[in-house]
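Participant: Shown below is the structure under consideration.
The values are calculated or read from the model by the stated rules, or taken from the named source; none is laboratory data. The shown structure was predicted, so the numbers you read here are calculated from the model rather than taken from an experiment. No Cβ is skipped: glycine too gets one built from the backbone with ideal geometry, and neighbour counts run over all protein chains shown. Protein only, heavy atoms only, side chains kept; ligands, DNA and RNA dropped before computing areas. Shrake-Rupley method; radii C 1.70, N 1.55, O 1.52, S 1.80 Å.
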Amino acid sequence: MKRIQAVYEIGDIIESNCTGCLKRIELSRAHNNNYSYIDGHCNKVCPVGKQLQELGKKLVRDIT
């Protein structure tokens, strides 16, 4: 998968799944938009967040 394809796929996933996520909205209100709490939930609990992490790994270039 090319990097640009991964970027488009990440954008589509965020737009379709995360924008209206009730848990994300709840955490945002509870912690005054402190994204460390929101990201903690998304990265550790949410299956969509885990999918985004896997796609994000494809964006990292190997600089060895």
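Participant: Could you list, in sequence order, all residues of region 1-34 that are assigned to a helix (DSSP H, G or I), among the β-branched types (Val, Ile, Thr) and free of Cβ contacts under 8 Å to residues at least 12 places away in the same chain? Spell out how you get there, then give the answer.
Facilitator: Initial filter on region 1-34 (assigned to a helix (DSSP H, G or I)): 3-18, 22-30.
Okay, now just the ones that are also among the β-branched types (Val, Ile, Thr), so 4, 7, 10, 13-14, 25.
Selection gives Ile4, Ile25.
Participant: I would also like to ask the following. Which residue is modelled with the lowest pLDDT, if the candidates are limited to region 44-64 and must be open to solvent by 70 Å² or more (accessible area, probe 1.4 Å) and farther than 21 Å from Ile4 by Cβ?
Facilitator: At the first step, the residues of region 44-64 found to be open to solvent by 70 Å² or more (accessible area, probe 1.4 Å) are 44-45, 47, 50-51, 53-54, 57-58, 60-64.
Then drop every residue that is not farther than 21 Å from Ile4 by Cβ, which leaves 44-45, 47, 50, 64.
Values: Lys44: 88, Val45: 90, Pro47: 91, Lys50: 91, Thr64: 47.
Per the criteria, the residue is Thr64.
Participant: Identify all residues within region 35-60 that are in contact (Cβ under 8 Å) with a residue 40 or more places away in the chain, not aliphatic (A, V, I, L, M) and not in a helix (DSSP H, G or I); write none if there are none. So that I can check it myself, show each step before the final result.
Facilitator: First pass over region 35-60, keeping only residues in contact (Cβ under 8 Å) with a residue 40 or more places away in the chain: 52, 55-56, 58-59.
Now restrict to residues that are not aliphatic (A, V, I, L, M): 56, 58.
Passing the criteria: only Lys58.
Participant: Taking the residues in region 18-43 that are small (Gly, Ala, Ser) and in contact with a helix residue (DSSP H, G or I) (Cβ under 8 Å, 6 or more places away or on another chain) as candidates, determine which candidate is farthest from Val7 (Cα to Cα). So that I can check it myself, show each step before the final result.
Facilitator: Of the residues in region 18-43, the ones small (Gly, Ala, Ser) are 20, 28, 30, 36, 40.
Remaining after also requiring in contact with a helix residue (DSSP H, G or I) (Cβ under 8 Å, 6 or more places away or on another chain): 28, 30.
Working: Ser28: 24, Ala30: 30 Å.
Looking at residues that are small (Gly, Ala, Ser) and in contact with a helix residue (DSSP H, G or I) (Cβ under 8 Å, 6 or more places away or on another chain), I get Ala30.
Participant: Among the residues of region 21-42, write down those that are within 15 Å of the chain's Cα centre (by Cα), modelled with pLDDT of 85 or more and loosely packed, with under 12 Cβ neighbours inside 10 Å.
Facilitator: The one that is within 15 Å of the chain's Cα centre (by Cα), modelled with pLDDT of 85 or more and loosely packed, with under 12 Cβ neighbours inside 10 Å: Leu22.
Participant: Okay, next question. Pull up region 4-20, narrow it to residues that are more than 24 Å from Arg61 (Cα to Cα) and open to solvent by less than 80 Å² (accessible area, probe 1.4 Å), then point me to the one that is modelled with the highest pLDDT.
Facilitator: Taking region 4-20 first, the residues more than 24 Å from Arg61 (Cα to Cα) are 15-20.
Keeping just the survivors that are open to solvent by less than 80 Å² (accessible area, probe 1.4 Å) gives 17-18, 20.
Values: Asn17: 90, Cys18: 86, Gly20: 84.
Ranking the qualifying residues of region 4-20, first place goes to Asn17.
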